[in-house]
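Worksheet: the structure to be examined is printed underneath.
No lab work stands behind these numbers, since they all come straight from the coordinates. Predicted model only: the values in this text are computed from it and were never measured. Cβ coordinates were reconstructed from backbone atoms using ideal geometry, including for glycine residues, and neighbour counts include every protein chain displayed.
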Amino acid sequence: MSRSRVVIVGAGFAGYQAARALSHHRGLREEAEIVLINPTDYFLYLPLLPQVSSGVLEPRRVAVSLPSTLPGVRLVLGEVNGVDLDGRGVSFTDPEGGAGHLSYDRLLLTVGSVNKLLPIPGVAEHAHGFRGIPEALYLRDHITRQIELAGGTEDPEECASRCTFVVVGAGYTGTEVAAQGKLYTDTLVKRHRVLRYRDPPRWLLLDIAERVLPELDPRLSRTADRVLRRRGVEVRTGRSVKEATSDGVLLDTGEHVATRSLIWCVGVRPDPLVDEVGLPAEKGRLVVGPDLVVPGRPEVFAAGDAAAVPDRTRPGSYTPMTAQHAGRQGKTAARNIAASLGHGSARPYQHHDLGFTVDLGGVQAAANPLRVPLSGIAAGAVTRGYHLMAMPGNRIRVAADWLLDALLPRQAVQLGLVRAYAVPLDTSAPELPRNPEATRTAPPPTGPADNPPESKPPHSTSSDRPPANGESPS
Ligand SMILES: Cc1cc2nc3c(=O)[nH]c(=O)nc-3n(C[C@H](O)[C@H](O)[C@H](O)COP(=O)(O)OP(=O)(O)OC[C@H]3O[C@@H](n4cnc5c(N)ncnc54)[C@H](O)[C@@H]3O)c2cc1C
C-alpha cells in the first residue's frame with residue numbers, strides 16, 4: 001500500500017507545531033509521509049526579533065533548525081507559488097531558482113503574513129519593515145551606522161537627522177523595536193567621545209490609535225507608555241505619517257522630522273499566496289471552519305495568520321494573528337489531519353487567550369499572564385521565562401546571550417551584509433533578502449509530479465548585486 005502524503009506549506013508557528021505533532025503521531029508515522037516546504041531551513045521565533053535588531057541576540061539564536069528538531073519530517077526548501085486544488089499538487093521554487101512539484105493527499109497551508117502597506121507617498125521607497133531576519137539584521141547595522149556617521153560629521157543638522165529614528169505603529173512589534181532601539185542607541189552614544197556631550201538620540205513612536213499597544217489590555221498600554229516616556233521615547237498617539245522622503249517624514253500635524261530611519265511596524269497582512277489559491281478569504285485570510293478545514297475541500301486545511309479561524313471564545317470574530325493561536329492551531333490541524341486519515345477523532349479549535357508579554361528591554365516588560373497585570377522586573381522575568389519555554393530549540397544559546405548582555409558591553413559593529421535594496425517594505429518574502437535579479441515567479445511545473453527541482457531560470461544567481469540606483473538612503 002502506498003503511503004499517504006501530508007504537505008505542510010510554511011514552517012512558522014502553525015506549520016512547525018503541526019509537523020512536529022504529525023511526526024510524533026504513533027499511528028500516522030509509519031503510514032504517512034510528512035513533507036514541510038519552507039524557504040528557509042529554520043523556524044523563526046519572531047517575538048525575539050526586536051532583540052536581534054538591537055544587538056542583544058545573535059540572529060542564529062532565533063532561528064531553530066528544522067532538520068535537527070524535526071527528524072521525522074522531510075524538509076523541502078522552497079517557496080510555493082501555485083496550488084492545484086483539483087490536481088492535488090503544489091508547485092514551488094527552490095532557493096537556487098529551480099522549479100519543483102509535489103502531490104499531496106492532505107494539504108496544510110500555514111504561510112503566515114507579510115508587512116502591511118498603507119498608501120502613503122514615499123513609504124514603500126523609504127521605510128523598512130520588520131518581519132524577518134534580513135530586516136532585523138539590516139536595522140541593527142543601519143542604526144549602528146547612523147550613530148557612527150553622526151559621530152563623524154561636523155554638520156549639526158546631519159548629526160541630528162542621523163540620530164533621529166521614527167517607528168510607525170505602536171503594536172507589540174513597534175513598541176518593542178522603539179523600546180529596545182532607544183536603549184541600544186543610548187548605549188552607543190554613551191561610549192562615543194563626542195556624541196555623549198550632545199542631545200541623546202531621538203526616538204519617535206507614532207500610532208494612529210489613542211494608546212500604545214492598542215490591541216492589548218489597557219493596563220499593558222499604561223505600563224509600556226510609562227516605560228517608553230521615562231526612557232525618552234517621544235510617544236505620539238493619534239498621529240501618523242503623511243509623506244516620507246529621503247531626508248525625513250512629514251507628520252499629519254504638518255511637522256517635518258528630519259531622519260534617515262523610518263521603521264514600519266503598522267501590522268501585517270496575510271501572505272499573498274492565499275490570494276493565489278483562489279478560495280474564499282476574509283480580509284485576505286483563507287476561510288476555514290472551526291476544524292480548520294477549508295469548506296468544500298476536505299483534504300485542505302489552513303491555520304495561523306493566513307487563516308480566518310472562527311474564534312469560539314468570541315462568537316462572530318476570528319482568532320487574532322498571534323503566535324499563541326498559530327502554534328495551537330497547528331497542533332489542532334495535525335490532530336484533524338490524522339483523524340481524516342483514520343487516526344483518532346477531529347475536534348474544533350478553541351483557545352482562551354492566556355495573556356501577553358511585551359519585552360521593553362533591560363529588565364523592563366509589560367505582561368499579563370493569566371490576566372494578572374505585571375510590570376518591572378517581575379514582568380521582565382515572566383517574559384523571558386515564557387520565551388524560553390515557548391522556543392522549540394536554542395534555549396541555552398538564548399539564555400547565554402542574555403547573560404552575556406547583562407555582563408558585557410554590547411558588541412556594536414555593523415557588518416553591512418544586508419543592504420537597504422535587499423529588504424524592501426513591499427515584499428511577499430520577508431524571510432529572504434531580495435536578489436534584485438531574481439523573480440518570484442517560477443515556470444509552471446512540467447514533467448511528472450514530484451519531480452525534484454532541476455531547472456534554473458537563466459538569470460537566477462545567488463549573488464546579490466545592487467540595482468542600478470544603489471542603496472536607498474533610508
Ligand atoms: C516582530 C514580531 C514580534 C511578534 N511578537 C509576538 C509575541 O510576542 N507574541 C505573539 O503571540 N505573537 C507575536 N507576533 C506574531 C506572531 O509571530 C505571528 O502571529 C505568528 O508568527 C504566526 O504564525 P504562522 O505560523 O501563521 O506564520 P509565520 O510564523 O509567519 O510562518 C509562516 C511561514 O511560512 C513561510 N512561507 C511564507 N510563504 C510561503 C510560501 N509561499 N511557500 C512556503 N513557505 C512560505 C514563511 O517563510 C514562514 O516560515 C510577532 C510578530 C512579529 C513580526
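What do you get for GluC sites (Glu not before Pro) in the stretch 121-193 restricted to DSSP loop and a cutoff of at most 13 other Cβ within 10 Å of the site's Cβ? All intermediate terms of the calculation are to be shown ahead of the outcome.
Numbers: sites: 125, 135, 148, 154, 157, 158, 176; in loops: 154.
Filter output for the stretch 121-193: 154.
By the Cα gyration tensor, the chain has an equivalent ellipsoid whose semi-axes, rounded to whole angstrom, run 39, 26, 20 from largest to smallest. For the pair residue 85 and residue 406 in one chain, pulling the backbone fully straight at 0.36 nm per residue adds 110.4 nm over the alpha carbon distance.
Against the chain, whose longest principal axis comes from its Cα atoms, helix 323-340 is set at around 0 degrees. Sorting 381-394, 93-106, 280-293 by their mean Cβ neighbour count within 10 Å, with the most densely packed peptide first, gives 93-106, 280-293, 381-394.
Seen against the Cα atoms of the chain and their longest principal axis, helix 13-24 is set at about 40 degrees.
Once you order the gyration tensor axes a ≥ b ≥ c over the Cα atoms, which shape class does the stretch 1-83 get: rounded for a/c under 1.5, otherwise prolate or oblate by comparing a/b with b/c?
prolate
A simple spin-label model places pseudo-atoms 7 Å from Cα toward Cβ; at residue 428 and residue 243 they are separated by 3.2 nm. Dipole of the stretch 157-229 computed with +1 at Lys/Arg Cβ and -1 at Asp/Glu Cβ about the Cα centre; of 228, 195, 180, farthest Cα towards the positive end is 195. Remark: the residue 186-residue 346 segment gains 52.3 nm on full extension, using 0.36 nm per residue and subtracting the alpha carbon distance. Taking label points 7 Å from Cα along the Cα-to-Cβ direction, residue 281 and residue 194 give a separation of 4.9 nm. Against the chain, whose longest principal axis is taken from its Cα atoms, helix 395-407 shows a tilt of about 0°. Here the simple spin-label model places points 7 Å from the Cα toward Cβ, and for residue 256 and residue 210 these points are separated by 3.3 nm.
Could you work out how much longer the chain between residue 395 and residue 3 gets when fully extended? Use 0.36 nm per residue separation minus the Cα distance between them, nm to one decimal.
On the way: separation 392, 0.36 × 392 = 141.12 nm, distance 3.51 nm.
My answer for the length gained is 137.6 nm.
Along the axis of the charge dipole computed for the stretch 246-348 (Cβ charges of +1 for Lys and Arg, -1 for Asp and Glu, origin at the Cα centre), the listed residues 248, 263, 284 are led at the positive end by 284. By the beta-carbon count within 10 Å of each Cβ, the least crowded to most crowded order of 147, 396, fewest first, is 396, 147.
Using the average count of surrounding beta-carbon atoms within 10 Å as a protection proxy, the listed peptides 208-215, 188-195, 353-360 rank, highest first, as 353-360, 208-215, 188-195. Taken as Cα centroids, the stretch 138-192 and the stretch 67-121 sit 36 Å apart, rounded to the nearest whole angstrom.
Here the chain is assigned +1 on the Cβ of each Lys and Arg and -1 on the Cβ of each Asp and Glu. Its dipole about the Cα centre then comes out at about 1660 debye.
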